[in-house]
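Notes follow once the structure below has been shown.
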Amino acid sequence: MIEIKDLSYVYPNADEPVLKQISATFPRENVFAVLGQSGSGKTTLLNCIARFLHPTSGQIEIDGKDIASMDELEFRHTLGVVFQKLNLFPHLSVLRNLTLAPQKVFDTPLEDARKQAREMLDRLGIGDLADRYPAQISGGQAQRVAIARGLMLQPRYMLLDEPTSALDAQTTQDFANWLTELSNVTSFIIVTHDLPFAQMVATHGVYLTDGNIQATGEVTDILNQVQQPTS
Ligand SMILES: Nc1ncnc2c1ncn2[C@@H]1O[C@H](COP(=O)(O)OP(=O)(O)OP(=O)(O)O)[C@@H](O)[C@H]1O
Ligand SMILES: [Mg+2]
């Protein structure tokens, strides 16, 4: 599980904290939802968990270990992340985007990495895109490639920021299906303001409002509590 303890974050040059001493436990659910309105601090929280931002105060533990004390290799085994703005390498083919990290991080031989990458792409239904470049695929396909790339490192947890933002209704449904399937191995934490999608894939979650945890528990209860306008 991921434990967030008295976490605050203030952006440099800002007066107000964006995360205000929040404490929360994300149990090791198959899929756990981080919900909240735009600007409430979801991506900032995710960036703190992913160690891209260093908390102003407080700490984060994953399965009992402070993430600040993990070395890079251990951390990469523990947690992966796919951002709102996808960061595929534009000058590399889809296949190469997938093989690079295991080769660099885990010293996986290229042939093995290629085999794993092809299996992963097939599993996500995009095996035919292996030789294309990021500019030659759609937004939704790029999202799947980015997730496939993250899964190549077989992290125990994977954070996904707004994973449905580039998807239409049918693709969102397909995505929900394979996310559920993949979640038997990797636990996903999805940050989303797509509430119907959150209900499709997650049973538990938290709801952020203005840098505070407003509600936590079952997604259906949370949504009743916060009385979100339908979206
Ligand atoms: N680099 C930054 N410097 C200063 N303030 C920032 C920075 N990034 C985000 N903020 C501010 O922090 C607050 C929280 O932003 P954050 O991106 O975490 O929200 P969010 O919940 O992910 O929103 P969304 O649903 O729109 O993605 C916002 O008020 C935002 O303007
Ligand atoms: Mg965000």
Completion exercise
Amide H proximity to GLY80 below 5 Å, modelled H, separation 5+ or other chain, gives TYR157, MET158, LEU159
Practice task
For region 2-226, report the accessible area per residue in Å² (1.4 Å probe, heavy atoms, rounded to an integer).
Solution key: 47
Exercise for the section: Step through the residues of region 124-137 one at a time and calculate ³J(HN,Hα) from phi using the Karplus curve (6.51 cos²θ - 1.76 cosθ + 1.60, θ = phi - 60°), rounding each to whole Hz and writing x for Gly and Pro. Expected result: 8, x, 10, x, 6, 9, 3, 9, 7, 9, x, 6, 9, 10
Practice task
Could you please state, rounded to a whole Å, how far the C-alpha centre of region 27-46 is from the C-alpha centre of region 126-169?
Solution key: 19
Handout entry: Within the chain, helix-based [θ] at 222 nm, where runs of 4 or more DSSP H residues each add -39,500 (n - 2.57), nearest 500
Key = -11000 deg cm²/dmol
Practice task
Determine the principal axes of the Cα atoms in region 1-54, then give the extent along each, sorted from largest to smallest and rounded to whole angstroms.
Solution key: 37, 22, 18
Exercise for the section: Could you point to the residue in SER69, ILE222, PRO134 farthest towards the positive end of the chain's charge dipole, with +1 and -1 charges on the Cβ of Lys/Arg and Asp/Glu respectively? Expected result: PRO134
Problem - Nearest 10 degrees, 0 to 90: helix 169-182 Cα axis against the chain principal axis - result: 90
Handout entry: HN-Hα J in Hz across region 57-67 - Karplus 6.51, -1.76, 1.60, θ = phi - 60°, x for Gly and Pro
Key = 7, x, 8, 10, 10, 10, 6, x, 10, 4, 5
Handout entry: Sulfur and carbon atoms: percent of accessible area, the chain [1.4 Å]
Key = 48
Practice task
Calculate the dipole size of region 2-226 relative to its Cα centre from +1 charges on Lys and Arg beta carbons and -1 charges on Asp and Glu beta carbons; express the result in debye to the nearest 20.
Solution key: 500
Handout entry: Calculated P(r) of the chain - Cα pairs past 24 Å, %
Key = 44
Fill in the blank from the handout: Quick shape summary for region 114-231, equivalent ellipsoid via Cα gyration tensor, semi-axes whole Å in descending order, reads 29, 15, 12
Practice task
Note down the relative contact order for region 83-217 as a percent, whole number, built from C-alpha pairs under 8 angstrom at least six residues apart.
Solution key: 23
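With both partners inside the chain, how many of the DSSP beta bridges are antiparallel, as a percent to the nearest 5?
Values: 18 of 36 bridges.
Antiparallel: roughly 50 percent of the beta bridges in the chain.
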Practice task
Provide the per-residue ³J(HN,Hα) series for region 193-200, in order, calculated from phi with Karplus coefficients 6.51, -1.76, 1.60 and θ = phi - 60°, each as a whole number of Hz, with x at glycine and proline positions.
Solution key: 10, 8, 5, x, 5, 4, 5, 5
Practice task
For region 66-175, report the convex hull volume of the alpha-carbon atoms normalised per residue, in Å³, without decimals.
Solution key: 106
Problem - Cα long-axis angle, helix 94-106 against the chain (0 to 90 degrees, to the nearest 10) - result: 70
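The values are calculated or read from the model by the stated rules, or taken from the named source; none is laboratory data. In this text the structure is predicted, and so the values were computed from the model without any measurement. Note that we place each Cβ from the backbone using ideal geometry, even for glycine, and neighbour counts take in every protein chain shown. Keep in mind that these areas ignore ligands, DNA and RNA; they rest on the heavy atoms of the full protein, side chains included. Shrake-Rupley method; radii C 1.70, N 1.55, O 1.52, S 1.80 Å.
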